[in-house]
Amino acid sequence: MAKLNIADIRQEYTKGGLRENELPGDPLSLFNRWLQEAIDAEVDEPTAVIIGTVSPEGRPSTRTVLLKGLHDGKFVFYTNYESRKGRQLAQNPYISLSFVWHALERQIHIEGIATKVPPEESDEYFRKRPYKSRVGARISPQSQPITSRMQLIRSFVREAARWIGKEVERPDNWGGYAVTPTRIEFWQGRPNRLHDRFLYTLQPDGEWKISRLAP
């Protein structure tokens, strides 16, 4: 096997800066602006977010989901409650979220606490999903071993036939999480690795403290 030479890969970050005197007091305002700019720039999967949870053994695990809302200051995504992340969140609700937009040389790192959204909110979003996505959510034993892809396809076909001409119901083991942030860091790449990093930390009085971090 050929040896990969990755130690010398370098990229200079030159696309922007983040000035302290231009920061809003509310980090969610800056998040909304950056997300809209990512959408306008047509970056790949602008709402993709890497979420980190912790196992009962204290081991971290990560995967990627799609952000589906920012409601009342909470970041909302949907998943199978019996998946690995769902089982871990049931035991430890602390969670991290990372948005990485390479094209803009920007990252946002969030830490907070995840709680399930009310069932009626999950129902409302589930009804908006494409038909095949709703069927898939009903039959997928997410994170569990399966014997083959054919097993998955057969389950999908059988379940789809059950709901012909009917509204596909949300299964009880599928729904949303709302993440209440307590720590939000904005990272903007800068030349010479002198990146701009600003940290918002939620204070007991509900206000946000802003600190500049060393790159």
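What follows is calculated from the coordinates using simple rules that are stated; it is not laboratory data. Fair warning: this is a prediction, and the values are worked out from it, not measured in the lab. In this analysis, Cβ positions are derived from the backbone assuming ideal geometry, glycine residues included, and neighbour counts consider all displayed protein chains.
For the pair Y131 and A2, label points projected 7 Å from Cα toward Cβ lie 4.8 nm apart. Of the GluC sites (Glu not before Pro) found in region 7-103, those that fall in a DSSP loop while having at most 12 other beta-carbon atoms within 10 Å are E12, E42, E57. A crude spin-label estimate for the pair E167 and Q91, with each label 7 Å from Cα along the Cβ direction, gives 3.7 nm.
What FRET efficiency do you get for N21 and D72 if R0 is 45 Å and r is their Cβ-Cβ distance, rounded to the nearest 0.05? So the FRET efficiency works out to roughly 0.95. Sorting the segments 191-203, 138-150, 175-187 by their mean number of nearby beta carbons within 10 angstrom, highest to lowest, gives 175-187, 191-203, 138-150. Between V43 and S148, the distance separating the two model label sites (each 7 Å from Cα on the Cα→Cβ line) works out to 4.2 nm.
For the chain, a simple Cβ point-charge model (Lys and Arg +1, Asp and Glu -1, everything else neutral) yields a dipole of about 980 debye relative to the Cα centre. You can think of it this way: the chain between V65 and L194 has 43.4 nm of extra reach, that is 0.36 nm per residue less the Cα-Cα gap. This structure gives Cα extents along the principal axes in Å, computed directly, and of [x] 68, 52, 27; [y] 53, 35, 32; [z] 58, 56, 40 that value is listed as [z]. Helical content alone sets the calculated 222 nm signal of the chain at -7500 deg cm²/dmol, taking -39,500 (n - 2.57) per DSSP H segment of four or more residues and averaging over every residue.
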